[in-house]
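The values are calculated or read from the model by the stated rules, or taken from the named source; none is laboratory data. Since the structure is predicted, the reported quantities are computational estimates derived from the model, not experimental observations. Cβ placement follows ideal geometry from the backbone for every residue including glycine, while neighbour counts extend to all protein chains displayed.
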Amino acid sequence: MRVTIRRADARDPGRPVYVISVAADIVSVHPRTLRIYEDAGLICPARTPTNIRLYSENDIRRVMWIRHLTQNLGVNLAGVRILFELEERLGTRILERLYDEGTKEAAATADAEAAAARLEPEPEPTPA
């Protein structure tokens, strides 16, 4: 008799599997940061019967979005909450658009800086 092991559960991004220390390690933050995000209503990890927080892949992705918005785009936590609420209400991918625009803007800035560097004259050597 052959036993088939279902791996669907292992691949379910909504399945809570990571304790707070592992989740914090994955996204390179202090566990306290995850607690702050939870207190702000930005993430809602599952809880075990003994009240231990468990994070899913979806929670990890959400934290990565929060980090991107706050660190790269300068959005504060209240702004992040509003963006998440708008995205849920409208059913559109606002965050992906912001990411795409930010990526395009960063590429344009890098191109402009490279062009400016090519146009700058080299400094003349000072006489000794």
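Here is a list: VAL22, VAL27, VAL3. Which entry is modelled with pLDDT of 90 or more and loosely packed, with under 15 Cβ neighbours inside 10 Å?
Details: VAL27 fails: loosely packed, with under 15 Cβ neighbours inside 10 Å; VAL3 fails: modelled with pLDDT of 90 or more.
None of the others qualify; the one that does is VAL22.
Restricting attention to the stretch 75-90, the residues that are of a type in the set (A, V, I, L, M) and surrounded by fewer than 14 Cβ atoms within 10 Å (Cβ to Cβ) total 4.
Residues in the stretch 60-98 that are among the β-branched types (Val, Ile, Thr) and assigned to a helix (DSSP H, G or I) were compared, and the one that is modelled with the lowest pLDDT is ILE94.
Each row is one residue, and each column tells you yes or no for (1) surrounded by fewer than 15 Cβ atoms within 10 Å (Cβ to Cβ); (2) of a type in the set (S, T, N, Q); (3) touching a helix residue (DSSP H, G or I) at 6+ places or on another chain (Cβ under 7 Å).
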residue	(1), (2), (3)
ARG32	yes, no, no
ARG35	no, no, no
THR50	yes, yes, no
VAL63	no, no, yes
LEU73	no, no, yes
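Being at pLDDT below 95, surrounded by 11 or more Cβ atoms within 10 Å (Cβ to Cβ) and touching a strand residue (DSSP E or B) at 6+ places or on another chain (Cβ under 9 Å) holds for only one residue in PRO45, PRO16, and it is PRO16.
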